[in-house]
Amino acid sequence: MTEQSAHHTFDLVVACDLNRGIGLKNGLPWRLPGDMKHFRDLTVTTVNPKLQNAVLMGRKTWESIPLKFRPLPGRVNMVLTRNSDYNINPDATVAGSLESAMENLAELEIENYFIIGGAHLYEQAVHHPSCNLLYLTEIQEKFECDAFFPSFENLFTLISTSKTHQEHGLDYCYKKYQRNR
C-alpha cells in the first residue's frame, strides 16, 4: 500500500437480519425503501460539496444492482473482482483487491470510502486494519439467506442505535459501531 492510501480508512454499510443474513440468490430477501433511502443518503452525502464518496463492492453485488441504477449515482463506484477481463460499465472502475482499490481511489479526491458488500468482501474488510465504522441496518426478523455478514461483535463497539422503523410489516433500526483499536 502506498503512503498516501495507507492513511485512508473505510466504513462498512450493511443491512442484515437477526442471523446476519444479507442476501438470497444474489438479491435482497426484503424490500425496505426507507432503508434504501438511508443507504443512499449515507453513501452520497459529503461535508465538502466538491468531493464525492466511493462505494466499493464485489462483482456479485455490482451485478445484483438493477441496470437502471448502475453505477450508483453521485458516488465513485469501484468493483472488486479477481477476473482481470471483467467487462464493466465505463462509469465504474475495477480492481483486483481491496488494497489496489484503495490505492487507485487515493489518486482521486474522495471524502469517504464505503464497503457495501458482498459476503466475501465483508469478510476481508471487517478484519482489515483500515476498517473504521460499521453502519448496520438490523432487520428484526429472520429470513432464508445464502449470504451472511461475518461475526463482528468482538471487533466493534456499538456507539448508537436509532429508533425502530417499520415498513412492509418489518421492524428495523440503524446501528452504528466503532472499530475497537
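Any read-out appearing in this document is the output of simple, stated calculations on the displayed coordinates, not a laboratory observation. The structure presented is a predicted model; accordingly, all values stated were derived computationally and were not measured. Ideal geometry is used to build each Cβ from the backbone, glycine not excepted, and the neighbour counts take in all protein chains shown.
Is it possible to state the helix-based mean residue ellipticity at 222 nm for the chain, with each DSSP H run of 4+ residues giving -39500 (n - 2.57), the sum divided by total residues, to the nearest 500 deg cm²/dmol? What is it? All intermediate terms of the calculation are to be shown ahead of the outcome.
Numbers: 5 runs with 39 residues, N = 181.
That calculation yields -5500 deg cm²/dmol at 222 nm.
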Checklist entry - Quick one: of the DSSP bridges fully inside the stretch 56-181, what percent are antiparallel, nearest 5? => result 65 percent
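With a cut-off of 8 Å between alpha carbons and a minimum separation of six or more residues, what is the relative contact order of the chain in percent? All intermediate terms of the calculation are to be shown ahead of the outcome.
Numbers: 346 pairs, mean separation 59.2, N = 181.
33 percent.
Listed highest first by mean packing, meaning other Cβ atoms within 10 Å per residue, what order do 99-111, 40-52 come in? Walk me through the numbers before you get to the answer.
Numbers: 99-111: 16.7, 40-52: 12.8.
Final packing ranking: 99-111, 40-52.
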Checklist entry - By how many nm would the segment from residue 36 to residue 146 grow when fully extended, if each residue of separation counts as 0.36 nm and the alpha-carbon distance is taken off? => result 37.5 nm
Checklist outcome for this item: The long-range amide H neighbours of residue 15, using H built 1.01 Å from N in the peptide plane and a cut-off of under 5 Å, are 137
Checklist entry - Taking residue 37 as the anchor, which lysines have their alpha carbon closer than 19 Å to its alpha carbon, excluding any fewer than eight residues away along the same chain? => result 68, 163, 175, 176
Next on the checklist: Run the simple label-point estimate for residue 159 and residue 109 please: 7 Å along Cα→C-beta, distance reported in nm.
Outcome noted: 2.6 nm
Checklist entry - Quick one: helix 33-44 against the long Cα principal axis of the chain, what's the angle to the nearest 10°, folded into 0 to 90? => result 30 degrees
Checklist entry - Amide H to amide H, which residues 5 or more places from residue 93 or on other chains are under 5 Å from it, using H placed in the peptide plane? => result 77, 78, 79
Checklist entry - Given H placed on each backbone N at 1.01 Å, which residues far from residue 113 in sequence or on other chains put an amide H within less than 5 Å of it? => result 11, 54
Checklist outcome for this item: Taking the alpha-carbon centre of each part, the distance from the stretch 41-111 to the stretch 123-181 in Å is 21 Å
Next on the checklist: To check my understanding: the extent here is largest minus smallest coordinate of the Cα atoms along each principal axis. What are those three numbers for the stretch 3-159, in Å, largest first?
Outcome noted: 41, 35, 31
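Subtract the Cα-Cα distance of residue 63 and residue 120 from 0.36 nm times their separation in residues, and report this length gain in nm to one decimal. Intermediate values should be presented prior to the final figure.
Numbers: separation 57, 0.36 × 57 = 20.52 nm, distance 1.46 nm.
Length gained, residue 63 through residue 120: 19.1 nm.
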